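Q: After the structure tokens below, expect a handful of questions from me.
The values are calculated or read from the model by the stated rules, or taken from the named source; none is laboratory data. Everything numeric here is computed off the predicted structure, so don't read it as measured data. All Cβ positions, glycine included, derive from the backbone under ideal geometry; neighbour counts span all protein chains shown. Just so you know, the surface numbers come from the protein's heavy atoms only, side chains and all, with ligands and any DNA or RNA stripped out. Shrake-Rupley method; radii C 1.70, N 1.55, O 1.52, S 1.80 Å.
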Amino acid sequence: MSQSSGPAALMQQAEDIMALNDRGAYTVPTHGLYPFQWNWDSCLVALGQRHSNEPRAWLELQTLFEHQWDDGMVPHIVFHEPDDGYFPGPDVWATGRAIPTTGITQPPVAGFAIRRLFDDAIDKTLAKECAAQLLPMVDRWHQWFFNHRDPESTGLVALIHPWESGRDNSVDWDTPFERVPVEGITPYVRRDLQHADADHRPTKAQYDRYLWLVEHFRSLNWDNTKLHNASPFQIVDPGFNAILIRSCDDIAHVADALGHADIAERNRAMASKGREALELLWHEGNGQYACYDRVEKTLSDSPSIGGILPILAELPVHRAKAIVARIQKLNASVNYLVPSHDPEDSEFDGKRYWRGPSWLIVNYLITSGLRTSNEHALADEIEAQSLSLIETSGFAEYYDPITGEPCGGASFTWTAAMVMEFCQLPRTA
Ligand code: DGY
């Protein structure tokens, strides 16, 4: 697919996709494959929406946080309207909420997004009002993570389901998944394969385990005081933790600006404890960070993007330099940075979701981190490769990092939002 080129044309195409997937008070990731509101999609989409409509960007976040649970968790999907085209739907999750949601969470990019919306706002009055409303909610979510996903107070939180990572079928989960059983799950029909190529999606063996975990947590009534310890899957993902650390830092910055010293202090403390603990996930052999399996007490050897994303967390200089070297090495194996798994690893699959493809949202988070570490040359290169990918292959969900082939869903909202960020044209909102 060839698109008309240049930043203004890309910007217009991106805006058209955002409008197509806009449902009024929230945005769906794409028509068909993902027909509801997804947590981290929405937060990153707000960064695109602000380019043409700041009130709409704030509304995207407000809608998501209206569905925060009483214990502080912000769920990974909000099922605003019924839609048979997706599985597993609200009846499978059965979380008992009036407007149904899932019972797990997703990478907490809200704090990161809110700081960007707040700092760069054209309408400062609106920004102050909306940030002040969202601030305590984000703070509660951050506390929820450390209360419920870090019972031994290590400074790092664990995922209890791969869907929480956003990197559903990463190679990182292959070994821990061996101990997730499949016996007894209710027979089911996948819907994702009606919308996307089966070779680009997770396998049946993985879906069976996703479903076993959902049914297991449902049998515990989604009680977050029990789920962490009851899960056979407890993984400390460096990328996920880096996003949380960065969001704690960013929310502390906004709290300072709004005069909420207590929120600022608490979030700064969580960030600094997390940053210190992140060092334990350094994998010297891979030259990047790695996932820690809390059940087996082992560090994974899987060289995935999860171990590169910590660049977002304002790393010590020697670690930031090591990550730069790592990305430069990956650059020799691909045409479009940054692959979600190292092409030199035997498990790499350039088309299968999180087992190799490049994603624009990952590139955005990585370039943000590189810029914080003053690594602008590499950030510029990743942005240029990202835009060239869009010009060649359109606004897909993800891309083969070697051929540039578009994979997964099409007309993808967060891809469009990231293009708007990368184009950096003057804003009108
Ligand atoms: C899916 O259904 O593929 C989603 O990634 C779960 O969040």
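Q: Can you tell me which condition R115 does not meet? The list is (1) more than 16 Å from the ligand (Cβ to nearest atom); (2) in a loop (DSSP other than H, G, I, E, B); (3) open to solvent by 10 Å² or more (accessible area, probe 1.4 Å), and all the others hold.
A: (2)
Q: Next up: Any residue in the range 247-254 that is within 15 Å of the ligand (Cβ to nearest atom) and out of contact with any Pro (no Cβ under 8 Å at 6 or more places or on another chain)?
A: Within the range 247-254, not a single residue is within 15 Å of the ligand (Cβ to nearest atom) and out of contact with any Pro (no Cβ under 8 Å at 6 or more places or on another chain).
Q: Another question about this same structure. Looking at T95, T105, can you tell me which residue is within 25 Å of L312 (Cα to Cα), in contact (Cβ under 8 Å) with a residue 24 or more places away in the chain and β-branched (V, I, T)?
A: The unique qualifying residue is T105.
Q: Regarding I99, is this residue within 15 Å of the ligand (Cβ to nearest atom) and either part of a loop (DSSP other than H, G, I, E, B) or polar (S, T, N, Q) (or both)?
A: Spelling it out, it is not the case that I99 is within 15 Å of the ligand (Cβ to nearest atom) and either part of a loop (DSSP other than H, G, I, E, B) or polar (S, T, N, Q) (or both).
Q: Condition first: without any contact (Cβ under 8 Å) to a residue 40 or more places away in the chain, closer than 21 Å to H195 by Cβ and among the hydrophobic types (A, V, I, L, M, F, W, C). Now tell me which residues in the range 11-68 satisfy that.
A: Result: A19, single match.
Q: Just one of (1) without any contact (Cβ under 8 Å) to a residue 12 or more places away in the chain; (2) buried (at least 18 other Cβ atoms within 10 Å of the Cβ); (3) among the acidic types (D, E) trips up D139, so point out which.
A: Only one criterion is unmet by D139, namely (1).
Q: To continue, here is another question. Can you find a residue in the range 83-97 that is aliphatic (A, V, I, L, M), open to solvent by less than 10 Å² (accessible area, probe 1.4 Å) and at pLDDT 95 or above?
A: No, because not a single residue in the range 83-97 is aliphatic (A, V, I, L, M), open to solvent by less than 10 Å² (accessible area, probe 1.4 Å) and at pLDDT 95 or above.
Q: At least 3 residues that are closer than 30 Å to K124 by Cβ, away from the ligand (no atom under 16 Å from the Cβ) and of a type outside the set (S, T, Y) in each: list the helices (runs of 4 or more DSSP H) lying fully within the range 31-96 that qualify.
A: By residue number, 39-49, 54-65.
Q: Which condition from (1) in contact with a Lys or Arg (Cβ under 7 Å, 6 or more places away or on another chain); (2) more than 30 Å from Q12 (Cβ to Cβ) is the one that Y86 breaks?
A: (2)
Q: Could I ask something else about it? Restricting the search to the range 174-214, which residues are within 24 Å of K226 (Cα to Cα), open to solvent by less than 20 Å² (accessible area, probe 1.4 Å) and within 13 Å of the ligand (Cβ to nearest atom)?
A: Passing the criteria: Y207, Y210, L211, L213, V214.
Q: Residues that are closer than 21 Å to D250 by Cβ and surrounded by fewer than 18 Cβ atoms within 10 Å (Cβ to Cβ): does the range 344-362 have at least one?
A: no
Q: Report yes if some residue within the range 364-386 is within 19 Å of A196 (Cα to Cα), among the hydroxyl-bearing types (S, T, Y) and surrounded by 24 or more Cβ atoms within 10 Å (Cβ to Cβ); otherwise report no.
A: no
Q: Right, next: May I ask you to list the residues in the range 12-53 that are aliphatic (A, V, I, L, M) and modelled with pLDDT of 95 or more?
A: The answer is A14, I17, M18, A19, L20, A25, V28, L44, V45, A46, L47.
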